[in-house]
Amino acid sequence: MTIENPSRNEIGSILKKAKRIAVVGLSDNPERTSYQVSEAMQKAGYEIIPVNPTIESALGVKSVASLKDIEGHVDIVNVFRRSEQLFDVAKEFDEIDADIYWAQLGLENEEAYEFLKSKGYTVIMNRCIKVEHAISKA
């Protein structure tokens, strides 16, 4: 199976509807891409939830160790982890109340994709959420 992302229009609709983004692998280092992308999304009005057991907080928000530690609904789980770790994140994603699984630019994992698609989830891989937000003007 080939990884097939939603259309640009669908991605724009997802971003317009979304409010809460859990960022797996968010760094507290302003030099890291995960920080810069998440900061841009936070400034655009999204609630960012850092998911990283190795940091206290990022972007002024206390970090949680795993997706299962988040209270309430999550619209998008944005993943900044190596491609080989995407399946483990996908299994945890399946255990929480979230809508969209999003792997950042350069990240793809067919096993994770097939697992989540077979359960009816919307999956986006190898796309930068900040770039898609700018393109869609969400």
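The values are calculated or read from the model by the stated rules, or taken from the named source; none is laboratory data. Since we're looking at a predicted model, the values are computed, not measured. Cβ sites come from the backbone with ideal geometry, for glycine too, and all protein chains shown count toward neighbours. Just the protein is used for accessible areas: all its heavy atoms, side chains included, with ligands, DNA and RNA removed. Shrake-Rupley method; radii C 1.70, N 1.55, O 1.52, S 1.80 Å.
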Exercise. Are there any pairs, at least 6 apart or on different chains, whose C-beta atoms fall under 8 Å, with the first in region 7-36 and closer than 15 Å to ILE76 by Cα and the second open to solvent by 20 Å² or more (accessible area, probe 1.4 Å) and part of a helix (DSSP H, G or I), and if so, which?
Worked result: ILE11/SER136; GLY12/ILE135; GLY12/SER136; LEU15/HIS133; LEU15/SER136; LYS16/SER136; LEU26/TYR35
For this session: Test GLU132 against the criterion of being open to solvent by less than 30 Å² (accessible area, probe 1.4 Å) and either in a helix (DSSP H, G or I) or touching a Gly at 6+ places or on another chain (Cβ under 7 Å) (or both), and give yes or no.
Result: yes
For this session: Output the residues belonging to region 3-32 that are out of contact with any helix residue (DSSP H, G or I) (no Cβ under 8 Å at 6 or more places or on another chain) and of a type in the set (Val, Ile, Thr).
Result: ILE14
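Could you check how many residues of region 65-109 are part of a strand (DSSP E or B), open to solvent by 30 Å² or more (accessible area, probe 1.4 Å) and either within 13 Å of VAL23 (Cβ to Cβ) or aliphatic (A, V, I, L, M) (or both)? Break it down stepwise before answering.
Initially, region 65-109 is screened for residues part of a strand (DSSP E or B), giving 74-79, 98-103.
Still in the running and open to solvent by 30 Å² or more (accessible area, probe 1.4 Å): 99.
Now restrict to residues that are either within 13 Å of VAL23 (Cβ to Cβ) or aliphatic (A, V, I, L, M) (or both): none.
Total satisfying the criteria: 0.
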For this session: Go through SER34, SER27 for me and flag whichever is small (Gly, Ala, Ser), part of a loop (DSSP other than H, G, I, E, B), buried (at least 16 other Cβ atoms within 10 Å of the Cβ) and touching a Phe, Trp or Tyr at 6+ places or on another chain (Cβ under 7 Å).
Result: SER27
